[in-house]
Each structure stands twice: as structure tokens, then as C-alpha cells.
Amino acid sequence: MDFIKEIHIEDLAKTYDCKIIKNGSLDPLTGINEINRVRSGDICFVDAKKYYKKTLKSNASCVIIPEEVDIDHSKTLLIHSDPFKVYNAIAILEGQKHLTKENRISETAQIHSSVYLGKNVEIGNNTEIEAHVYIGNNVTIGSNVKIQSGTKIGTDAFYLHKSNTKEYTPWHSCGQVHIADNVHIGANCTINQAVSDLTKIGKGTQIDCLVHIAHGVQLGDNCLIAAQVGISGKTIIGNNVSIYGQVGITQNLNIGDNVIIYAQSGVANDLKSDGVYFGSPALPMREKIKEIKALRRLQK
């Protein structure tokens, strides 16, 4: 998430009672992000030692961390006993500032009277939204989009922080959802708001009923998603991808352009462009057919 206004690291340290360790720049911060999407100018956090090195080698400009570390890095650190608490507090406070923007709804959009609209919502020309649709905060919907009844867009991410006492606390969702032009979304789908970055549906993509697209997923243009598909958080899917019914895709994957995934497959690894995949775990179609034939021969 980009901040509405730059924030000085010294001000954060004072507000949240943090100690500053200056190994990098004290330039003002421009945003906040989770580690998978962090950019230069962002602040992020880490509180598990096994992720210290990855976070300190990331693009972040400032890291909230519970202790000083003996790792070579160029980050400015904010030392606090509970980094997640500070991170979440910043996300909540700065996220609220985006919700002061007025909604921007085209006069040619057709929106049923029962539709719920959150804050900082934009809806383009000739878009049709049927009854009992939920549109949460920070959602942008393009032109010539159709959203069928019962669909929920911009719901909170299912993204939880596990404390040392094994308790779960939700990350505050302050990201966005962007739905491009000419998209069709079927009935009773769920598209989650990104935690701090962007959930994206590319132009011309067609989504069947009962599909779940999790936080931070980025779908390319002209994709075809059949019913009961589930796509886990922060997976990136290319253009012209066809995903058939009841496919499950795990988190943080990259799926290339022009991929076809057949029904009931389970995708646990990145998939190369222009391939046809099937099975659980999903493999190239020819390879999977050979595997099935070999197993049948073993039964004889």
C-alpha cells in the first residue's frame, strides 16, 4: 500500500516507541508491504529468526524487527519487541486515510439496489452488478463488467499471524482489488482484498460460479476459470490461461501464459507457459498419462 503522504522514520520510532538502527537511509517512507511484494521505500516487518536474512536482503527500506542482528545488510531497522503489532497498527492507521476518498461510479453503470458498496470504490461505464453483491473497500471495477448475484469482492484476506503462544491474529487488509474491462464474474464467487498490495483480474477474463480467488492473486488477460476453482494467495497467473472445474492452486506460484489445467488437478509448483497439465500433483499431460498407464500395468 502506498501512503497518502510520506512518513518519516523518526516519527514512526517516536509514535511506536522503537529504537532506530541506521544502516541505511533515513529518507521518508512511501508505503508498507508484506515481504513477498515489498518495494524500495516500503516498511515491512520480521519476527521469526529463520526469515531475518530474507527480509534484510529484500527491497524494503525499513524493517521492524525484535532485536539487533549480526547480518550484513543496508536497511534502517526499527527495534520493537512486537514487530507485527507495530506493522498492523501502521497498516490500520494509514489504510484509513485511503477510505476518505469519494466513490466514483459511472452514470451508465447498472447497480442493483441491494448491492453493498464500501469506500474508495470506482465502477466504470456500462458495468452491471446484480442483486446481493458485496463490494468492499478499495475496489476498482472497469467498464463492461458483469458481476452476478451473491458474489463478494474485496473481503478480508485469510492471512493470519501466529504468535509465540500459538494464537492467531489477522493481518489488517489494506490492499486493493482491480477488475479490468470486459470481465465476467459468476454467482457466489469470492475475491479477497490484498493484504497490502493488489488482487488483480485481467481484462476479458471469464470466471464461472463458486470460484475463490485469494488475497494478492494476479490473473492475466483473457483467462477462463471454471466452477469451484480455488487459487491461493499471491499466486500469479499469466494471460490466456484455462483452469477447469475444481482445480486447487497453492500459494505463491507462477503460472505462465497459455496454460491449460484440467479438472480436479492440484497445482503445487510453478507451471511453464504453453503447457497442458493434469493430476495431483499436476504434471504435463503426456507425463501424467504415462504415469497412469505404468500404475495400471503394475496391477496386472
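The values are calculated or read from the model by the stated rules, or taken from the named source; none is laboratory data. Every value quoted in this text rests on a predicted model; they were computed, and no experiment measured them. Positions of Cβ are generated from backbone atoms using ideal geometry, with glycine treated the same way; all protein chains shown enter the neighbour counts.
Criterion first (surrounded by fewer than 23 Cβ atoms within 10 Å (Cβ to Cβ), within 13 Å of the chain's Cα centre (by Cα) and not in a loop (DSSP other than H, G, I, E, B)) does residue 200 satisfy it? Yes; evaluated as a whole, the condition is true for this residue. Within the range 111-129, residues that are under 15 Å from residue 99 (Cβ atoms) sit with their Cβ atoms under 7 Å from residues that are among the charged types (D, E, K, R) and part of a loop (DSSP other than H, G, I, E, B), at 6+ positions apart or across chains, in these pairs: 120/101. For the range 203-216, taking the residues that are without any contact (Cβ under 8 Å) to a residue 60 or more places away in the chain and within 17 Å of the chain's Cα centre (by Cα), the one that is surrounded by the fewest Cβ atoms within 10 Å (Cβ to Cβ) is identified as 212. Condition test on residue 86, is it of a type in the set (A, V, I, L, M, F, W, C) and outside the structural domain of residue 47 (by TED's automatic domain parsing)? Taking the combined requirement at face value, the residue does not satisfy it.
In the range 61-120, the residue that is surrounded by the most Cβ atoms within 10 Å (Cβ to Cβ) out of those that are among the hydroxyl-bearing types (Ser, Thr, Tyr) and outside any loop (DSSP other than H, G, I, E, B) is 87. Can you tell me which residues in the range 217-257 are β-branched (Val, Ile, Thr), crowded, with 18+ Cβ neighbours inside 10 Å and within 19 Å of residue 275 (Cβ to Cβ)? Selection gives 225, 229, 231, 235, 237, 241, 243, 247, 249, 255. Being under 26 Å from residue 250 (Cα atoms), in contact with a Cys (Cβ under 6 Å, 6 or more places away or on another chain) and either surrounded by 16 or more Cβ atoms within 10 Å (Cβ to Cβ) or among the hydrophobic types (A, V, I, L, M, F, W, C) (or both) is the requirement here; does residue 151 meet it? So residue 151 passes the test. Tallying residues that are crowded, with 17+ Cβ neighbours inside 10 Å and in a strand (DSSP E or B) within the range 156-170 yields 0. Is at least one residue of the range 263-270 in contact with a Phe, Trp or Tyr (Cβ under 6 Å, 6 or more places away or on another chain), in a strand (DSSP E or B) and either in the same structural domain as residue 233 (by TED's automatic domain parsing) or exposed (fewer than 15 other Cβ atoms within 10 Å of the Cβ) (or both)? So far as the range 263-270 goes, no, none of its residues is in contact with a Phe, Trp or Tyr (Cβ under 6 Å, 6 or more places away or on another chain), in a strand (DSSP E or B) and either in the same structural domain as residue 233 (by TED's automatic domain parsing) or exposed (fewer than 15 other Cβ atoms within 10 Å of the Cβ) (or both). Against the definition (crowded, with 16+ Cβ neighbours inside 10 Å and either at pLDDT below 95 or closer than 18 Å to residue 183 by Cα (or both)), how does residue 288 come out, yes or no? The answer is yes for residue 288. Selection of the range 248-297 for residues being of a type in the set (S, T, N, Q), without any contact (Cβ under 8 Å) to a residue 40 or more places away in the chain and either touching an Asp or Glu at 6+ places or on another chain (Cβ under 6 Å) or within 17 Å of residue 236 (Cα to Cα) (or both) yields 250, 251, 254, 258, 269, 273.
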